[in-house]
Structures are given as structure tokens and as C-alpha cells.
């Protein structure tokens, strides 16, 4: 046991040292991928190796290839860092090594999920009776939500998709904005509906769905099972669909309303931005990430469903050996995983650390810093292409080739990290402000670096 304590302390001490280094270390200096591959490669040893030596070797091999994505100047892929308490809770979860299948395999894991789920619904304004599946990310959350939608819209016309499959089933039409996230299309492929089921809806100037176009597509038919995919937080612009009107339209035509709110749903947690997602409670299912704006460790996300029985019917299974199955759906009954890690501990810890006011302040601060980015880069003579409504900023540096050169130069420089994207046929730098530790000084330092590298 003394050796185990020394081993765990070695890992924890290194993790703490790494996190302390984030404000000062290069954010994304290009690694020598060949050297990294060599460091991890070689023949598998025939004899066992002491655990402490394995960890020491892992630290040496990995360190040159780590990206400071948990740091305050990483603005790529709409990801946050990981709050201290949530990180520590995740370390404990690994140490406890709990199987979060149900309350028999880990009573504590399921209790933590239940408590965190109640807080999440309260913070986001989702109906208290909704079910919550703790999943890996936005892809899994959208897939679970659309699986529930597929189940219900086909059940409404007398078709049991879980028993009979899709062969011979009534066709399901999926209505979605033409700027939907790619995980929607992949979920449709995984669920057997296919991307050809999508009837696209025009989006407005900032990327939110056009209600007139949605109305026209719904009216045009054909009548039958219908799923309407809405968005809270366009991945490029941050724009949110007008959820109240869109959900009402979907329901008026007998459809299921699903909201992809991977990061934008967190707007509901702040009084200053809550109006952007007005009416979200009218939807039937919602997808939301915790490892984005909530600043929880990977992989943490949530699949909410207003109809828990439908959610469980779409995702659960039963077997004679599964003690504790049945009853109120929890744990693995709401996800596509059976051997689930105990994500609820970190979610519970992160929400406790922030509290209601802390989460609202985090959302407000990131939005203010995004506006600071936009103002500073506009003042430097660059084009900000979107209306900055949340934490997303699109910046152009002239023609597409020059924009890509600036993005590459910024990533190589290491002061900050931002990605490139294509929006409305043009290339832009995409800046996503999601980290709880980012400050005005970090933004100003990043603006100065981008300006220097863009000359």
C-alpha cells in the first residue's frame, strides 16, 4: 500500500505541476510527431515493469506532445478547462474505479448523477421531470436525443422501431437548419435514418434558423413522423434559434423538437443571456456538453429528455444477470454504454464549486471577453464577420489564403491557439472563449500576438 500511495502521489504531483504551468507555457507549439511516436513505440517488454517506472516513462514520453488546451489562452473547439474540484473528483472516480451501470453496481455514482441532474435541470430551465443521461459528448447526447425522437414519432403512427427496426417503417423526415452541427448528421447515420432524411431550413444573417423557412418546410410536408432539430449556439457564430416559436411550430405539426445546445444551452444559466434561449423548456429533448462551457473534465455531456419512458425505451436493455434493472430509468438505461465510468462525481463537484452565481459569472465573463476580442481585433483593422452574441468570434484577415496563413502562424507561435473554419463560403479564424481561467490580460496578450503575426 505504501508503494501505491507513492505512485498515486507521483501522478497527482505531476498533474498539479502541469496545471500550474498552463498560464506560462506555450499553448500549442508544434510537436515533433515522429519523436513522440518513437518515445511511445518499441517492442512490448516480455517481463513486467514496476508501476512507478511505467508512470515515470509515461511522463517523459508524453510531456513534449501535450497541448495546453486546459489553459487560459486556448480558444479552439469551444472547450473549457477543468475546474479544480471537478479534476480532483475525477481523479477520485478513477481511484474508486466504480461501474456506474446502476444503483446496484455503484450506489454512490448513481446518487451523484441524480443530484447533479437535478441541479442541471434547475440551472438550465429544463422541466424537472426530464430524464438525464450522463454521456461522453455532444455526439452521444444528440444521438440519444434523436433515438428517443425516432422511437416516439414512429410509435405515434403505430410502429415499434425497437422491435421491428426501420425496414418497412413509415419514413421519418428530419427538419434542420442548413448550419446544423455535423454530429446531427452522424447521429442520423448511426440511427439508420440517413442524411437524406434531412429537409434543410435556411438560416438568417448570424446563423440562427429562419422561422419563415421553417414554417414553409413544415407546411410543405409530407405529413408523417417528423423530427425538428434546433440549435442553441451555432458552432461558428454562437447564434441561437428562436426556440419558443420553433418548438411551437414543430408541435403544431405533430413533430418532436430536439435542441442541440452543446455549448449555447449554458446561456440559460445567466440572467444576462437567458433571453437567447427563451422557450427551451418547450422542447422534447436537449443535448449539452459539460466539458465545454461548464469546464468539467472530458468526457462529460448530458442527454435530457422530457419523456423519461421514451428515453429509456430507446436506450435501455434488459438481461437476466442485470440485477437492479427496471424501475425509474437511471445510469446505463439512459445511455448507449453499459460499462460507464462514474462521470457524476466530477459534475457534482464542479457545480458545487461554481454555484448558481459562479456559473452565471463564468458565462457573463466569457461573453464579455469575446466582445473584447472582437473590439480589439476590429480596432487593429481586421474583419469580425459575426454578431458576437455569446462566446464565438469569427475573424477574417483579407482573402482566404491570408487568413489560413495567420491561423497557422498563431498556432505555431504558441502565445494562444485558435482554429480555422469556413462560414458562408469564406475562411475565418474562429475564437471560442470558454475557459474559466481566461482573463482580460490573456485576451489582450492574444490580440497583440495575432496582430503581430498578421502583418
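A few comments on the model shown:
- Length gained on full extension, residue 56 to residue 211, computed as 0.36 nm times the residue gap minus the Cα-Cα distance: 50.1 nm.
- Of all DSSP-defined beta bridges confined to the chain, some 60% are antiparallel rather than parallel.
- log₁₀ of I(q)/I(0) at q = 0.20, 0.22, 0.23, 0.25 Å⁻¹ - segment 63-109, Debye sum with one point per alpha carbon: -0.80, -0.85, -0.87, -0.92
- Prolate/oblate/rounded call for segment 346-455, Cα gyration tensor, a/c under 1.5 rounded: prolate
- Multiplying the residue separation of residue 321 and residue 426 by 0.36 nm and removing their Cα-Cα distance gives an extension gain of 32.3 nm.
- Ordering of 282-290, 107-115 by burial proxy (mean other Cβ atoms within 10 Å per residue, highest first): 282-290, 107-115
- Here the gap between residue 404 and residue 455, fully extended at 0.36 nm per residue and compared with their Cα-Cα distance, gives a gain of 17.0 nm.
- For the pair segment 108-174 / segment 35-90, the C-alpha centres are spaced 34 Å from each other.
- Projected label points at residue 274 and residue 63, each 7 Å from Cα along the beta carbon direction, are separated by 4.8 nanometres.
- Cα shape, segment 88-349, gyration tensor, a/c 1.5 rule: oblate
- Spherically averaged projected area in nm², based on the convex hull that wraps the Cα atoms of segment 112-155: 3.6 nm²
- Each residue, residue 1 and residue 379, gets one label point 7 Å from its Cα in the Cβ direction; the gap between the two is 6.0 nm.
- Ranked by how many other beta carbons lie within 10 Å on average, peptides 251-263, 147-159 from highest: 251-263, 147-159
- With a simple spin-label model that places each label point 7 Å from the Cα along the Cα-to-Cβ direction, the separation between residue 195 and residue 157 comes to 2.4 nm.
- Taking the average, over residues, of other Cβ atoms within 10 Å as the packing measure, peptides 52-64, 393-405 rank 393-405, 52-64 from highest down.
- Computed from the Cβ-Cβ distance with R0 of 35 Å, the FRET efficiency linking residue 16 to residue 339 stands at 0.75.
- Distance histogram in 20 Å bins (all Cα pairs of the chain, percent per bin): 24, 53, 22, 1
- Beta bridges from DSSP with both residues in segment 88-349: antiparallel share about 45 percent, rounded to the nearest 5.
- Calculated FRET value between residue 47 and residue 299, using beta carbons and R₀ = 25 Å, to 0.05: 0.15
- Cα shape, segment 258-345, gyration tensor, a/c 1.5 rule: oblate
- Comparing Cα centroids, segment 175-221 and segment 237-265 end up 11 angstrom apart.
Bear in mind that the values in this text are calculations on the coordinates, not laboratory data. Since the model is a prediction, treat every value here as computed from it, not as a measurement. Every residue, glycine as well, gets a Cβ built from its backbone with ideal geometry; the counts of neighbours run over all protein chains shown.
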